Amino acid sequence: MAECVTPKDPAPLWRQMGLKDEEYSMIVEKLGREPNYTELGMFAVLWSEHCAYKHSKSLLRTLPTKGERVMVGPGENAGVVDIGDGLACAFKVESHNHPCAVEPYQGAATGIGGIVRDILAMGARPVALLDSLRFGHLDDARTRFLFGGVVSGIAGYGNCLGIPTVGGEVYFQAPYRQNPLVNVLCAGIMDHKDLHKGQAYGVGNVVMIVGHSTGRDGIHGCTFASEELGEDTESKRPNVQVGDPFMEKLLIEACLEMMQKGAVVGIQDMGAAGITSSCAETAARAGTGLAIEVSKVPMREEGMTAYDVMLSESQERMLLIVKPEKVEEVKAIGKKWGLNAAEIGQVTSSGQLQVFHNGKLEASIPVNLLAEGSPVYNPEWKEPAYFSENQRFDYSAVKVPELKQFGEILLKLLAAPNIASKEPVFRQYDYMVRTDTVQGPGGGAALIRVKGTTKAMAIATDCNGRLVYLNPKAGAKWAVAEAARNVAITGAKPVAITNCLNFGNPEKPEIYWQFKNAIEGMAEACLALSTPVTGGNVSFYNETEGEAVYPTPVIGMLGVLDDVSKKVTPGFKATGDVIALLGTISGDAVSLAGSEYLETVHGAVAGCPRDPDLALEKSLVDVLVKAASEGLLRSAQDLSEGGLAVALAESCILAEKGADGAVIELGGTGCKAVADHRPDAVLFGECNSAVVVSLVEEDVSRLKEICGELGVPFGVLGKVSGSSSLRIESCMGTAVLDVQVSELRDVWKNGLLRAMAGDTARGTTE
Amino acid sequence: MKFGVVVFPGSNCDADAFHAIRDAVSQECEYIWHQDTDLSGFDAIILPGGFSYGDYLRTGALARFSPVMKSVQKFAEDGGLVIGICNGFQILLEAGLLPGAMLPNDVLEFRCQWVNLKVENNRTPFTCKYAPGEIVRVPIAHHEGNYYAEPHILDELERSGRIVFRYVDEAGVPSREANPNGAARNIAGIINERGNVLGMMPHPERCCDSLLGGEDGKRVFLSMIEWFASKRACGGAELSSGAVPGGSSTATSVAKDRS
């Protein structure tokens, strides 16, 4: 019992375990008696914010979750989407922020382990991982430690599993300094017929535990994940579990084999809250009960109590519900893979989770009360003071640089760790294993082909936390829109999302206001783009000593490309190709709000980002998908951090040999029509619904026609020049910027490494 | 021609090798579970990449004790073709089928990237479809690819033409910059004295399809197929003595150094 009780702490036991007084009263009332110690522990973990979604449930219900392709929506281990040809994709993104703040290597490693088992639990073979990471600035030693540890943890665990890490994002921004965000998305593929669920059906069926033995590690891990971090954070290190990727790899193969053999009635990952949550949730979904004998659980230490076993978060374990006649087969498959496969109980009709230890009843709780009975909170919300200040931000205080400085600014932006190539990170990940990675990290979305079909899945993660902070509703819309655009620039059609909602303490009205607005924005954008929410994860309490992270609702977007040979990539392809802009660039002062330019060059995180035109975003996606299917696009790159100039530079940097260099005439952006446009906003402004494409001259009229039909503005910007320089001219023909591509490439390619080595000073140039 | 892909617990490039053989070069292929010992009927054995036994102790150190490895040793002694890729190469080293050892990459990080390889010897069953000195692009993905052997063994490998692939730059120079892991003399792949056992860190099975960025790896398998066909055409004669220039008694001493 020492794990969770501080002897000096005079507070009642339930409070020490993280339950509020009124929650304890509710337990006593519903149970009709006081819970014993084991039962209290079980309530504490399952009623933790991490497991029970107490502060998010009521708002999450407002998200659109229906769609013709959605086979399984929120509530199961992962969402499942029909991708055609009798195949389905299971995908979900999940956070492992708190563990990574104290023990980055194991925190990241076990984060991968958990999400992979969620996908496995749907009956799918996990085929791709993406990581959405946020840290503080790299000039801080602790940040470099956390960053290095998380990346090695992802590499150490993910590479061993044979699941390619194909993409994601890495941001470096001050509010994540003490509280990094580590969100991992996993996608898996299955035949429709192989769909499994976490449901404990069939009274008399056998409950089995497969995989690693159970130790005392990670007890109360999810309670820890439901608190703010503070001075005593270091003492929480024992709450972080330790991963064994070899065991996980065996578990994947063994469980897939068990499911293929038709031996599995229900299956569930043992993640947060271990045996307690997996038992309670599977029984609650099926309307049954379970009786567990903890002495039958394979244990790695002696003297473990029922409490220890029920709350352990030991990794690499799955709960299986198996028909009695299939038990021997399951055991044989376990043996083949060198894994425990032990009978630990039975499905009952009692509606209770009954826990026995050597035959003695240690706990008996109605499964519904455990899994669904926690209170739902609708906290107060209040608009924070900063929001109205943002709206009054005086852009005239941001001096427009002189023309001759624009080249230097572009180089500075390309070198900024948020924009620079993430190759120093992703070269540590095996992104090619499984030989399906058509486009790996570094493109807008990863493209994973599906062997035996002509198809590929496109997957992107996106969220610019700075925009969400400045304007939560608009920022969440931009996150969805950008994720959709990133999928669509490959030629794939966006079909559904999963989300990971990282916020501060929801009990603070200003934080809940951020959450509420972000959910509203996300709901609106998902409806407009026809990309329903299939599930995800909420991570609250991302605060350290009272300072919250940027509100960061990470969007994981899934797209389907029907013919992978029609894929489109970001680099220019051939000299003479026409470069065009699809969509609009506002070019006005407001488009500087929350931009990388404003922070990196002017040292300000300010302004109030405008809302995207969601109808235009939808049309833009449709144009990209249609144009790609007709083979019109030679390259496509969307506008995000760093705006138009960075998008053009990236297409130059990633160009085929002999196709590097471009001449651009800014008249093509249509910005001169905007009254208050300013050149820095045209080049570096963000929050634009726009994509830079290149195509052969003969195809221009057809693309223009498609844009006309779907109502997307089309403008010719210039040509791929082959001159080895990026030259951008004003409407008058004077050069705004003319930089060698080799120079662009050098700063972009080495920016992150140089920042890690402390070579570049962050801050203003003024 | 029938290939067998050995599956150790923790292998994770087994399915990729299987796919390359069956779909890219259209040959018969079967998985061989690490506890199986009967290799009759197979014409070539692939030890695939991955993390056999979780790389516990040392990469490949535990896999060499798998029951199948005794059979693989026998298969190689009988002249059968054996190729170890990545972790498979590490296992061949640990099993003593090839000389030397593997250290962690000198950058102390996992590296997944495309590299340029020079085909140093195209007179082997694994490289006969490449031109002499040809530069090819193949991906690597490993944490322990820093090949090490004592200088006299390296000299012997050089002399006997048993260095089959080397990391080079685009111009074909085995420069320090082109070496992704610190391997001695930029060694990416070596062959045994008899010329029927190849170990290589790069992954030829990952580049058999232009959709994935290149097809340069395909000819490793096509070479094996051609060599096997020509061998069968001459009545199953033993590997021609010229397959590995210089492979003679001195090379035997190399193998003894290992044991």
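In segment A:484-501 there is at least one residue matching the filter, namely being out of contact with any helix residue (DSSP H, G or I) (no Cβ under 6 Å at 6 or more places or on another chain), assigned to a helix (DSSP H, G or I) and either under 30 Å from residue A:393 (Cα atoms) or not β-branched (Val, Ile, Thr) (or both). Scanning segment A:363-412 for residues that are among the aromatic types (Phe, Trp, Tyr) and assigned to a helix (DSSP H, G or I), we see that the one that is farthest from residue A:29 (Cα to Cα) is A:406. Among the residues making up segment A:239-269, those that are aliphatic (A, V, I, L, M) and within 13 Å of chain B (Cβ to nearest Cβ) are A:247, A:250, A:251, A:252, A:254, A:256. Using the structure shown, decide if residue A:210 is modelled with pLDDT under 95, crowded, with 22+ Cβ neighbours inside 10 Å and either more than 13 Å from chain B (Cβ to nearest Cβ) or under 30 Å from residue A:416 (Cα atoms) (or both). Answer is no for this residue. Does segment A:508-520 contain at least one residue that is farther than 13 Å from residue A:469 by Cα, assigned by TED's automatic domain parsing to the domain that holds residue A:186 and not in a helix (DSSP H, G or I)? Checked against the condition, which is being farther than 13 Å from residue A:469 by Cα, assigned by TED's automatic domain parsing to the domain that holds residue A:186 and not in a helix (DSSP H, G or I), segment A:508-520 yields at least one hit.
Could you tell me whether any residue of segment A:302-314 is in contact (Cβ under 8 Å) with a residue 12 or more places away in the chain and either touching a Pro at 6+ places or on another chain (Cβ under 9 Å) or within 14 Å of chain B (Cβ to nearest Cβ) (or both)? Checked segment A:302-314: no residue is in contact (Cβ under 8 Å) with a residue 12 or more places away in the chain and either touching a Pro at 6+ places or on another chain (Cβ under 9 Å) or within 14 Å of chain B (Cβ to nearest Cβ) (or both). If you check B:151, B:99 for being in contact (Cβ under 8 Å) with a residue 60 or more places away in the chain, more than 14 Å from chain A (Cβ to nearest Cβ) and farther than 30 Å from residue A:149 by Cβ, only one passes: B:99. Taking the criterion of being more than 17 Å from residue A:638 (Cβ to Cβ), buried (at least 23 other Cβ atoms within 10 Å of the Cβ) and in contact with a strand residue (DSSP E or B) (Cβ under 8 Å, 6 or more places away or on another chain), the residues of segment A:661-714 that qualify are A:666, A:671, A:681. Return yes or no: is residue A:527 hydrophobic (A, V, I, L, M, F, W, C), over 16 Å from the mean Cα position of the chain (by Cα) and either assigned by TED's automatic domain parsing to the domain that holds residue A:187 or crowded, with 24+ Cβ neighbours inside 10 Å (or both)? For residue A:527, the condition - hydrophobic (A, V, I, L, M, F, W, C), over 16 Å from the mean Cα position of the chain (by Cα) and either assigned by TED's automatic domain parsing to the domain that holds residue A:187 or crowded, with 24+ Cβ neighbours inside 10 Å (or both) - is met. Taking the criterion of being without any contact (Cβ under 8 Å) to a residue 40 or more places away in the chain and within 14 Å of another protein chain (Cβ to nearest Cβ), the only residue of segment A:392-429 that qualifies is A:427. In segment A:72-86, the residue that is farthest from residue A:457 (Cα to Cα) out of those that are surrounded by 20 or more Cβ atoms within 10 Å (Cβ to Cβ) and touching an Asp or Glu at 6+ places or on another chain (Cβ under 7 Å) is A:77. When residue B:197 is tested against the conditions (1) farther than 13 Å from residue B:85 by Cα; (2) away from chain A (no Cβ under 14 Å), the lone failure is (1). For segment A:518-562, the tally of residues that are more than 18 Å from residue A:508 (Cα to Cα) and of a type in the set (S, T, N, Q) stands at 4.
Hey, could you check segment B:154-205 for residues that are of a type in the set (Asp, Glu) and in contact with a strand residue (DSSP E or B) (Cβ under 9 Å, 6 or more places away or on another chain) and say which is nearest to residue B:17 (Cα to Cα)? Ranking the candidates gives B:205 first.
Just one of (1) part of a loop (DSSP other than H, G, I, E, B); (2) hydrophobic (A, V, I, L, M, F, W, C); (3) surrounded by fewer than 24 Cβ atoms within 10 Å (Cβ to Cβ); (4) away from chain A (no Cβ under 14 Å) fails for residue B:107. It is (4).
Within segment A:21-46, the set of residues being surrounded by 16 or more Cβ atoms within 10 Å (Cβ to Cβ), of a type outside the set (Val, Ile, Thr) and farther than 20 Å from residue A:305 by Cβ comprises A:23, A:24, A:26, A:31.
For segment A:585-612, a residue qualifies if it is touching a Ser or Thr at 6+ places or on another chain (Cβ under 6 Å) and within 22 Å of residue A:489 (Cβ to Cβ), and the qualifying residues are A:585, A:612.
For segment B:110-145, filtering for residues that are surrounded by fewer than 22 Cβ atoms within 10 Å (Cβ to Cβ) and more than 14 Å from chain A (Cβ to nearest Cβ) leaves 10. Counting only residues that are among the polar types (S, T, N, Q) and away from every other protein chain (no Cβ under 14 Å), which one in segment A:161-186 is surrounded by the most Cβ atoms within 10 Å (Cβ to Cβ)? Once the filter is applied, the top-ranked residue is A:183.
Filtering segment A:335-385 to residues that are in contact (Cβ under 8 Å) with a residue 40 or more places away in the chain and exposed (fewer than 14 other Cβ atoms within 10 Å of the Cβ) leaves A:338, A:349, A:358, A:359, A:375, A:376, A:378, A:380, A:382, A:383. What about residue A:158, is it within 14 Å of another protein chain (Cβ to nearest Cβ), at pLDDT 95 or above, within 27 Å of residue A:455 (Cα to Cα) and crowded, with 20+ Cβ neighbours inside 10 Å? So residue A:158 passes the test. Residue A:209 passes every criterion in (1) assigned to a strand (DSSP E or B); (2) closer than 30 Å to residue A:297 by Cα; (3) not assigned by TED's automatic domain parsing to the domain that holds residue A:227 apart from (3). Looking only at segment B:175-191, residues that are more than 17 Å from residue B:113 (Cβ to Cβ) and either of a type in the set (S, T, N, Q) or surrounded by 19 or more Cβ atoms within 10 Å (Cβ to Cβ) (or both) come to 3 in all. Identification of helices (runs of 4 or more DSSP H) wholly contained in segment A:583-699 with 3 or more residues that are under 16 Å from residue A:487 (Cα atoms) and not hydroxyl-bearing (Ser, Thr, Tyr) yields A:614-629.
Taking the criterion of being more than 14 Å from every other protein chain (Cβ to nearest Cβ) and not in a strand (DSSP E or B), the residues of segment A:536-567 that qualify are A:540, A:541, A:542, A:545, A:546, A:549, A:550, A:551, A:562.
The values are calculated or read from the model by the stated rules, or taken from the named source; none is laboratory data. Everything numeric in this text was worked out from a predicted model, so none of it was measured. In this analysis, Cβ positions are derived from the backbone assuming ideal geometry, glycine residues included, and neighbour counts consider all displayed protein chains.
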